[in-house]
Amino acid sequence: MLLPFNHKWITVCLVLFASCIFTPAFSQEQSCPANINFASGDLTHWFAYTGNNKDGNGPTAIMERYDSTVAAPAGTIGASTIYEYQLPAVPGINVNTTGGTDFFGGFPKIPVINGYQYSYSILLGSTSITHSNSNGTAGGYIRGISYNISVPAGPPTEPYTMTYAYAMVLENGAHNSNEQPLFRATLQTADSTIYCASPQYFLPTLDNAVNHGMATLDTAGALAEGFTPSRQPSPNVDPNNSNSGQHLYDVWWKSWREVTFDLSPYRGQQVTLTFEADNCRPGGHFAYAYVALRNSCGGLIISGDSDVCINNNNLTYSVPALGGGNYQWSVPTGWTIISGDSTNIITVKAGALGGKITANEQNSCANLNAVLPVTTATPPVGGIVASNARVCAGNNSNTLTVTGQVGNILEWIASPDGINWTDIADKTTTYTAQNLTTTTIYKAVIQTSIACPNDSGTAAVITVDPKSVGGVISPANSLFCLEQDRYGILSLSGNTGSVVDWQTSGDGINWSNVVPLDTDSSYNATNITSSTDYRTIVKSGVCPADTSAIAAIQLFDVYFPKTTIDPADTSVCYGAHVPLTAVIGRGSSYAWAYTDVLNNQGDGSIPSTPYTLTADAAPIASTNYILNIENEGCPVILKDTFHINVVPPFVVSAGHDTSIVINQPLQLQATSTDITSNTFTWTPAFNLDNPNISNPVATFGAGVTNASYTVTGIDSTGCFAKGTINIKIYDLSAGLYVPTAFTPNGDGLNDVFKPILLGIKALTLFSIYNRWGQLVFSTSNPGQGWDGTFGGVAQNGGAYVWIADGIDYNGTVVKTKGNVILIR
């Protein structure tokens with residue numbers, strides 16, 4: 001007989017304590033039955049059965065039994081899988097050791113409940129079904145397992161508890177409730193059923209089916225019972241309309257629940273625990289369930305932290321749930337129960353003192369007590385690490401001291417970036433950091449108890465400066481002449497640290513700082529009067545200074561060439577000629593390093609000084625012309641550069657040639673490829689409203705048949721370009737003018753028939769019809785015309801009708817029509 005669906009006597013709670021340390025308050029060393037939790041990975045010690053319930057559930061069902069005293073495949077010893085009744089390829093009972101998630105519900109196949117990690121579970125059932133038919137093959141499947149538990153002898157006051165968990169997936173059969181797919185657990189003594197540990201579940205309906213017809217699902221009741229509709233469709237075609245091929249979304253699931261029961265009243269007796277999953281009786285809808293058991297039987301255990309930190313308000317304690325259970329909790333003085341004091345899970349805030357947490361839970365199956373001793377600890381205070389320091393890399397030593405801390409020093413930690421930390425096994429209040437090569441942050445980790453989070457307080461930073469490296473100066477060796485005022489740039493590279501000063505020496509032994517002080521990484525040596533050595537002083541932070549490699553300048557007792565040039569840097573228009581002038585004040589000869597498009601270069605000799613040289617350059621692109629001047633006896637050649645920037649050529653357009661009628665305003669528009677070209681002049685200026693803008697308007701009266709304008713555009717550098725437009729003026733009124741015949745024979749003459757637009761700003765329609773009134777061509781593009789074909793086929797010669805519409809420059813609509821002769 002089915003039990004009522006709404007089992008308010010079963011309480012379900014799932015709590016996962018992922019990071020807590022659980023200390024049982026009460027544990028009695030009483031062994032659980034062998035393999036009660038499927039730890040052997042098989043069904044050994046369990047009875048099992050499969051069958052068909054076409055004749056009903058319970059004793060009337062057709063069953064195939066697997067005895068616990070017989071080895072597989074006839075029995076359960078060593079069997080991890082038993083197949084559905086008469087379906088040898090479909091597992092109906094299967095021990096699960098690998099976990100995973102359920103397809104329909106997404107819940108884990110092996111649960112964690114109230115902080116307890118189950119290791120194994122068993123799956124009862126599958127999604128396979130059978131359908132009723134006329135030959136008597138009817139009904140779905142049943143599968144079950146049971147265990148005969150021999151309760152150890154002993155006083156009935158000593159608890160002997162067991163806990164099992166279950167989850168299920170049921171397909172709605174839309175039958176009356178007593179024929180729906182179901183899952184049940186049954187705990188029986190020799191003469192009775194222990195109902196508090198024997199729940200039974202099915203999807204409830206309104207019981208309004210007649211003769212195995214359709215019943216309405218009690219959706220509210222299903223939701224209230226904790227069932228959830230799956231987002232996955234049934235794998236089986238709708239059995240009530242199998243021809244449709246439709247898969248219904250009629251699968252519901254319930255996640256893991258736990259049941260704890262006390263067998264101490266049955267000391268020395270035997271009880272039987274049975275789990276069963278049944279498809280619906282008429283057939284066609286499935287049920288399957290997961291079952292897992294704890295391997296602890298010694299009584300009630302409180303799960304939670306036994307060592308806690310003062311004022312921690314996120315502590316959770318729990319006991320396994322009892323079906324229909326009542327719960328009473330107590331906590332140490334100064335502690336506060338925040339929530340759950342009448343459930344199997346409480347949330348508390350710890351006080352300053354330790355003590356005991358106690359729990360009592362009872363129902364008709366059990367009256368259990370548990371105690372968990374708890375101790376409290378004061379949160380640590382990290383303190384301050386002193387002090388910051390700056391050292392030079394390599395041989396260094398700094399002692400760090402932590403003060404103001406509350407608690408013990410667990411260790412010191414170090415980090416180069418404040419993110420990644422390295423442990424230092426030192427528990428003293430001082431730590432000496434030695435021989436550092438990089439900047440490092442140090443903290444002391446303070447601990448009062450493992451129950452309280454550690455604190456690391458305020459850090460100290462030891463900044464490490466890299467050792468000073470003087471680097472090298474380039475060029476390392478230079479030649480100089482008297483009064484030389486260029487090519488004396490000395491550049492420092494490869495140094496570590498900053499330049500303190502540049503120094504000079506006449507003998508490489510005695511050094512003097514340059515005046516004024518120079519801390520740049522380059523130095524300009526000019527107008528030296530004797531051979532001189534140069535070096536830099538480089539210092540990195542607090543590290544000792546280092547000197548660079550020496551750079552030597554050898555002075556020759558000959559004067560350096562001298563000249564002035566014009567222009568040194570200029571911009572010219574494309575195609576322009578540029579005079580390059582050099583006045584040589586000192587030198588014996590010269591030569592040009594670049595001679596393309598350079599005229600009047602001279603012969604290279606300097607007969608006397610000052611000597612003036614003028615060359616003519618006509619570069620077609622930006623160019624550097626280099627004049628090399630030598631003064632005999634001086635090994636250094638003076639190189640002067642004329643940089644000529646050539647403005648690229650640009651194009652100015654006055655627009656396309658066009659035709660207009662008299663008195664029609666014509667808007668001219670000049671454009672340029674150079675965006676800086678924004679000054680325009682039109683010539684001649686007659687008939688223009690303004691010749692000095694980019695877009696003047698031209699208007700012509702009677703007597704003028706042709707006009708031509710040139711526009712000149714000038715860019716920002718003064719370079720210019722020109723464009724021209726030709727205009728034909730007709731002494732006609734604005735209109736659409738259409739030829740009377742055309743010859744589309746492919747000779748390139750008069751091959752296309754199209755209107756001539758005079759004074760028309762827009763063509764709105766141009767259409768051509770054959771003698772039967774069929775449209776053979778149409779366009780509104782003034783540049784497009786008819787080539788004498790229709791659908792790719794050349795049309796016969798003869799007369800065709802055309803119509804044309806347009807809008808003239810005044811905005812007036814112009815309409816006209818006529819005939820044209822196509823000549824072949």
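The values are calculated or read from the model by the stated rules, or taken from the named source; none is laboratory data. The shown structure was predicted, so the numbers you read here are calculated from the model rather than taken from an experiment. Positions of Cβ are backbone-derived with ideal geometry, glycine not excepted, and every protein chain shown enters the neighbour counts. To get the accessible areas, we keep the full protein, side chains included, count just its heavy atoms, and leave off ligands, DNA and RNA. Shrake-Rupley method; radii C 1.70, N 1.55, O 1.52, S 1.80 Å.
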Original post:
Tell me, in nm to one decimal, what length is gained between Asp341 and Val813 on full extension, where the rule is 0.36 nm per residue of separation less the Cα-Cα distance?
Top reply: 160.8 nm
**OP:** Would you mind finding the longest exposed-site-free stretch of the chain, with exposed chymotrypsin sites (Phe, Trp or Tyr not before Pro) meaning DSSP loop and at most 12 other Cβ atoms within 10 Å?
**Re:** 250-685
**OP:** Enumerate the calculated ³J(HN,Hα) couplings along region 38-50 in order (Karplus 6.51 cos²θ - 1.76 cosθ + 1.60, θ = phi - 60°), each rounded to whole Hz, writing x wherever the residue is Gly or Pro.
**Re:** 6, 5, 7, x, 8, 9, 3, 6, 9, 7, 8, 8, 10
Subject >> Sequence-distant lysines (8 or more away, or on other chains) whose Cα lies within less than 18 Å of Lys254 >> reply: Lys8, Lys109
Subject >> Between region 66-84 and region 414-490, the Cα center-to-center distance that results, in Å >> reply: 70
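Mean separation of Cα pairs under 8 Å and 6+ residues apart, divided by the residue count of region 52-118: what relative contact order is that in percent?
Working: 74 pairs, mean separation 9.4, N = 67.
Dividing the mean separation by the residue count of region 52-118 yields 14 percent.
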**OP:** Can you work out the PRE-style zone for Phe686? Point 7 Å along Cα to Cβ, and I want the residues of region 644-662 with backbone N under 17 Å.
**Re:** 662
Subject >> Volume per residue that the Cα convex hull of region 297-400 spans, once the total is divided by residue count, Å³ >> reply: 165
Original post:
Which whole-angstrom value gives the distance between the alpha carbon centres of region 556-599 and region 675-704?
Top reply: 45
Original post:
Net charge near Gln554, counting Lys/Arg +1 and Asp/Glu -1 over other residues with Cβ under 15 Å of its Cβ?
Top reply: -3
**OP:** Measure off, as a whole percent, the carbon and sulfur share of the 1.4 Å-probe accessible area of region 400-463, all protein chains present.
**Re:** 50
**OP:** State whether the chain is rounded, prolate or oblate according to the following rule on the C-alpha gyration tensor (a ≥ b ≥ c being the square roots of its eigenvalues): a/c under 1.5 gives rounded; otherwise a/b larger than b/c gives prolate, and the remaining case gives oblate.
**Re:** oblate
Subject >> Accessible area in square angstrom per residue, the chain, 1.4 angstrom probe >> reply: 47
**OP:** Over 26 Å between C-alpha atoms is what I'm after, so list which of Lys728/Lys754; Lys356/Lys427; Lys761/Lys817; Lys728/Lys815 land there.
**Re:** Lys356/Lys427
Original post:
How much length, in nm to one decimal, is gained on full extension between Thr724 and Asn796, taken as 0.36 nm per residue of separation minus their Cα-Cα distance?
Top reply: 21.6 nm
Original post:
Thr438 to Ser498: extension gain in nm, 0.36 nm per residue of separation minus the Cα-Cα distance?
Top reply: 19.8 nm
**OP:** Specify whether the C-alpha gyration tensor of region 392-455 places it in the rounded, prolate or oblate class, a ≥ b ≥ c being the square roots of the eigenvalues: rounded for a/c under 1.5, otherwise prolate if a/b is larger than b/c and oblate if not.
**Re:** prolate
Original post:
Once you list every other residue whose beta carbon is under 13 Å from the beta carbon of Phe766, what net charge do they have if Lys and Arg are +1 and Asp and Glu are -1?
Top reply: +2
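Per residue, what volume in Å³ does the convex hull of the Cα atoms of region 716-815 enclose?
186
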Original post:
Gly144: net charge of surrounding residues, Cβ under 14 Å, Lys/Arg +1, Asp/Glu -1, itself excluded?
Top reply: -2
**OP:** Using only the Cα atoms of region 687-751, build the gyration tensor, take square roots of its eigenvalues as a ≥ b ≥ c, and label the shape rounded, prolate or oblate: rounded if a/c is under 1.5, else prolate if a/b is larger than b/c, else oblate.
**Re:** oblate
Subject >> FRET efficiency for Ala72 and Ala34, using Cβ-Cβ distance with R0 set to 22 Å, rounded to 0.05 >> reply: 0.80
